[in-house]
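The values are calculated or read from the model by the stated rules, or taken from the named source; none is laboratory data. Quantities reported herein were computed from a predicted structural model and do not represent experimental measurements. Quick reminder, even Gly has a Cβ in these numbers, built from the backbone with ideal geometry, and neighbours come from all protein chains shown. These area figures cover heavy atoms from the full protein model, side chains too; ligands, DNA and RNA do not enter into them. Shrake-Rupley method; radii C 1.70, N 1.55, O 1.52, S 1.80 Å.
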Amino acid sequence: MSTEKFLEIRGLKKYFEAGRPSLFSRATNLVHAVDGVSLTLRRSEVLALVGESGCGKSTMALLLMGLEDPTEGTVIFEDRDITHLNDGQRKDLRKKIQMVFQDPYESLNPTQTIGEIVAEPLLVHGMADTPDRDERVKKALEDAGLKPADVYLGRYPHELSGGQRQRVVIAAALVLEPEIIIADEPVSMLDVSIRAEVINLLADLRIKRQIAVIFITHDLGSVGFFADRVAVMYLGRIVEIGTMLEVLESPQHPYTKALISVIPVPNPRLRHERTILQGETPNPIDVPSGCRFHPRCPVAVDACKASDPPFIPLTKTHQAACLLLVK
Ligand code: SF4
């Protein structure tokens with residue numbers, strides 16, 4: 001993995017309007033979906049973005065794809081500010097940043113053959129007549145683990161298993177030769193037995209094609225030993241970030257600790273006490289004062305209601321935002 005930062009996100013915010021609090025109010029409610037996220041990504045790095053549903057991780061993906069405009073903040077990609085681009089520039093950018101969605105059943109058109117599905121992005125980007133079109137389609141299929149490609153080109157999605165369909169979705173992302181793949185819960189709809197296969201495939205691609213992967217998941221256990229770094233998100237903010245070993249083996253934020261405590265451990269002797277968080281993630285319209293995790297935090301103290309914790313550097317690569325870490 002290169003040490004070069006090629007994607008840099010600075011203070012990214014996305015607030016959505018959600019109607020007025022009452023008939024008599026002029027003010028508008030705002031959903032704080034993403035609320036000041038700063039991150040970097042290096043070439044061919046795998047960054048896992050982890051958090052419960054509604055924490056803002058999927059909105060982050062839409063912002064990076066240019067499918068939503070940020071309310072505030074900056075996104076720099078390969079030294080270029082891509083925060084606000086016009087439609088043509090966005091379309092160009094999508095050749096370099098591709099997304100793999102959660103549901104391989106819904107993302108494939110049942111009336112198209114696998115060959116047509118994988119070639120479609122070339123069509124959309126005006127590259128249908130590119131001389132190496134067929135080669136690119138076959139290479140994408142084979143790099144996605146569907147070998148030999150000729151066997152799959154004429155088949156239809158219903159003839160494939162769930163895992164093979166997700167490989168087709170990945171092949172359709174690869175055909176444009178992207179530099180980043182944003183995979184939004186790519187294995188959550190798949191049978192447990194084939195999840196590891198798809199995760200291993202993404203891990204291979206970063207080596208074979210030098211692709212960076214942002215792996216979005218609610219399941220910290222699925223990050224396994226595949227991610228280089230892990231960023232834990234809660235209610236629109238990153239609360240802890242570090243290398244995979246730092247976060248999984250030495251978590252410092254109480255939210256990360258709670259997520260890790262519920263990862264199933266097969267060996268009963270290694271099992272530890274589970275921390276079940278009380279209550280749901282708070283409404284992102286009405287973000288709690290001070291530390292936004294305080295209503296659910298098992299170790300909160302009075303000061304947590306008033307002070308918004310800063311990021312505390314723990315090592316060169318590990319940071320967490322909790323008042324208890326302030327020395
Ligand atoms: Fe918990 Fe307080 Fe730390 Fe927030 S600042 S995570 S409420 S202890």
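A few comments on the model shown:
- Qualifying residue in segment 32-54 (condition: part of a helix (DSSP H, G or I) and without any contact (Cβ under 8 Å) to a residue 40 or more places away in the chain): no
- The criterion of being more than 12 Å from the ligand (Cβ to nearest atom), β-branched (Val, Ile, Thr), at pLDDT below 95 and open to solvent by 50 Å² or more (accessible area, probe 1.4 Å) holds for residue 262.
- In segment 174-189, the condition of being open to solvent by less than 20 Å² (accessible area, probe 1.4 Å), part of a loop (DSSP other than H, G, I, E, B) and touching a Cys at 6+ places or on another chain (Cβ under 8 Å) is met by no residue.
Let's see how each residue does on (1) farther than 16 Å from residue 100 by Cα; (2) in contact with a Leu (Cβ under 9 Å, 6 or more places away or on another chain); (3) not charged (D, E, K, R):
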{"site": "121", "(1), (2), (3)": "no, yes, yes"}
{"site": "127", "(1), (2), (3)": "yes, yes, yes"}
{"site": "130", "(1), (2), (3)": "yes, yes, yes"}
{"site": "136", "(1), (2), (3)": "yes, yes, no"}
{"site": "143", "(1), (2), (3)": "no, yes, no"}
{"site": "154", "(1), (2), (3)": "yes, no, yes"}
{"site": "161", "(1), (2), (3)": "yes, no, yes"}
{"site": "164", "(1), (2), (3)": "no, yes, yes"}
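- Boolean, residue 326 is among the hydrophobic types (A, V, I, L, M, F, W, C), open to solvent by 50 Å² or more (accessible area, probe 1.4 Å) and modelled with pLDDT under 95: yes
- For segment 269-326, the set of residues classified as without any contact (Cβ under 8 Å) to a residue 60 or more places away in the chain and away from the ligand (no atom under 14 Å from the Cβ) consists of 269, 270, 271, 272, 273, 274, 276, 280, 283, 286, 313, 316, listed by residue number.
- Taking first residues from segment 214-239 that are on the phi > 0 side of the Ramachandran plot and modelled with pLDDT of 85 or more and partners that are assigned to a loop (DSSP other than H, G, I, E, B) and of a type in the set (Val, Ile, Thr), the Cβ contacts under 8 Å between residues at least 6 apart in sequence or on separate chains come to 235/281; 235/287; 236/287.
- Qualifying residue in segment 252-259 (condition: touching a helix residue (DSSP H, G or I) at 6+ places or on another chain (Cβ under 9 Å), assigned to a loop (DSSP other than H, G, I, E, B) and either closer than 23 Å to residue 53 by Cβ or at pLDDT 95 or above (or both)): yes
- Picking from residues in segment 69-107 that are hydroxyl-bearing (Ser, Thr, Tyr) and at pLDDT below 90, the one that is surrounded by the fewest Cβ atoms within 10 Å (Cβ to Cβ) is 105.
- Test for residue 107: is it touching a helix residue (DSSP H, G or I) at 6+ places or on another chain (Cβ under 9 Å) and of a type in the set (Gly, Ala, Ser): yes
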